[in-house]
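One structure is given here, and the rest of the page talks about it.
We did not get these values from a lab; they are worked out from the coordinates using the rules stated. What you are looking at is a predicted structure, and each value in this text was computed from that prediction instead of being measured. Heads up, the Cβs are rebuilt from the backbone with ideal geometry, glycines too, and the neighbour counts pull from every protein chain shown.
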Amino acid sequence: MAKEQQNPTKHNGFVRGAFLATLFLLFCWQVVQATWFFNLEFVEVRGNETLSTQQVEEVAGLWKGAQLLKLDLREMEKRLVADPRVVSAQISRILPNKVRIVIEENIGMAVLPYYDGFVEIDPSGRVVSIVSNFSRVNLPIVSGVHIDSVVLGQKLSGVGFESARTVMSLLPSSTRTVISELNVSIQGEVTLTTTGGIHIKIGTTHNAAPRLALLPAVLYAYEVRGFSSSTIAYIDMTGDIPVYKGR
């Protein structure tokens, strides 16, 4: 029986297709390996309120021109979370040339004067940042508490500092934005000053929670009654009943 002859046209088409497929795969491999194709050009940062995009890039260890596919995203996330200013971080690649960073910042609660600048602290008393420009933080200033030297991430302590931290943490959220200063005396008594210049004596932190809970209503009554710094010297909240002390 005679052997069936192969169709040379069909055979040549198969060879040509295999050759083209191989060339295509080689091209794709070269593209993936090429340093110019997946170079990092754009960094998108979300969730940053006080940190700039550049600061986030520096902490993460990112730089423009880095090869996108070789970036260790998990390692960069660890670097960000290790910074006391960052609570959480998620990083993702967006091909061909972009990285997206989503962070949650550790927002400070107050600042303490520190040489020519300020130390920003969070609710736990940990140092979040050390800044020279107060406008960058715009938080209540804690006075009457002296600190010698600090480093980022350090948790501050001391009787005076703990009094300030306790009062700040107990302040109703609606009044935190109107407090400009918190002073702690040698005796550990706390006095608040609002952005409108109203002085409020809180006293010690003993049983301070119920007294501070009344602060929004006390400040509201101050406005409704038409009081001002020319008629009221301060508000005394050291006892159970707030008292408006006249001049």
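In percent, what relative contact order does the chain have, based on Cα pairs under 8 Å that are 6 or more apart in sequence?
Relative contact order comes out at 11 percent.
Placing unit charges on C-beta atoms (Lys and Arg positive, Asp and Glu negative, everything else neutral), compute the dipole magnitude of the chain about its Cα centre in debye, rounded to 20.
820 debye
Helix 8-33 against the longest principal axis of the chain: what's the angle in degrees, Cα atoms only, rounded to the nearest 10?
Here the helix axis deviates by roughly 30 degrees.
Where does helix 215-224 land angle-wise versus the long Cα axis of the chain, in degrees 0 to 90, nearest 10?
70 degrees
Which of these, Arg74, Arg225, Arg211, has the largest mean-square fluctuation under a Gaussian network model of the chain (Cα springs below 10 Å)?
Arg225
In square nanometres, what is the average projected area of the Cα convex hull of the range 97-247?
Numbers: hull surface 45.9 nm².
The number I arrive at for the range 97-247 is 11.5 nm².
Remind me, relative contact order of the range 154-231 in percent, using alpha carbon pairs under 8 angstrom and six or more residues apart? Before the final figure, lay out the partial values.
Working: 85 pairs, mean separation 20.5, N = 78.
For the range 154-231, the relative contact order is 26 percent.
Report, to the nearest 10°, how far helix 73-82 tilts away from the longest principal axis of the Cα atoms in the chain, using its own Cα long axis and a range of 0 to 90°.
10 degrees
Alpha carbons only, please: Rg and Dmax for the range 42-105, in angstrom.
Cα-based Rg and Dmax for the range 42-105 come out at 10.7, 32 Å.
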